[in-house]
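> Starting off with a structure, shown below.
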Amino acid sequence: MSVNIKKLDEGHYALDIRGFVCPYPQVLTIRAIEKLKPNEIIEVILDNPPSAETIPSAIEKQGYKVLEVSKIDKVLWKIVIKK
């Protein structure tokens with residue numbers, strides 16, 4: 001399973017993991033962050049409610065900073081993470 005990171009701007013990326021269920025969203029998010037340089041930011045878009053709750057705590061345990069967790073609409077969440 002590959003991680004497809006989209007560059008939004010210099011040092012700012014996006015990862016769309018809609019359609020994946022646990023544990024894949026968390027695994028894919030961590031893989032994506034590992035590819036970033038320190039202080040770069042990634043926006044993770046997902047549609048799995050349990051992952052929207054578990055990813056932020058798992059990411060912070062890895063030493064990264066969660067800048068934002070927001071519900072975009074009825075089924076989508078966005079998690080913004082700084083490496």
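> Which residue out of D47, D73 is in contact with a Gly (Cβ under 9 Å, 6 or more places away or on another chain) and over 16 Å from K6 (Cβ atoms)?
D47
> Just need a number here: residues in the stretch 13-25 that are loosely packed, with under 14 Cβ neighbours inside 10 Å and either in contact (Cβ under 8 Å) with a residue 24 or more places away in the chain or in contact with a helix residue (DSSP H, G or I) (Cβ under 6 Å, 6 or more places away or on another chain) (or both).
The number of residues fulfilling the criteria is 4.
> Being hydrophobic (A, V, I, L, M, F, W, C), out of contact with any helix residue (DSSP H, G or I) (no Cβ under 9 Å at 6 or more places or on another chain) and touching a residue at least 40 places away in the same chain (Cβ under 8 Å) narrows it down to one of L8, L36, L28, L67, so name that one.
Criteria check complete, one pass: L36.
> For the stretch 1-46, list the strands (runs of 3 or more DSSP E) that sit wholly inside it and hold at least 2 residues that are within 16 Å of V66 (Cβ to Cβ); which are they?
Output list reads 12-16, 41-46.
Just so you know, all these numbers are worked out from the coordinates, no wet-lab data involved. Bear in mind that the values here come from a model prediction, so they are computed numbers and not experimental data. Because the Cβ atoms are built from the backbone with ideal geometry, glycine has one as well, and the counts that use them run over all protein chains shown.
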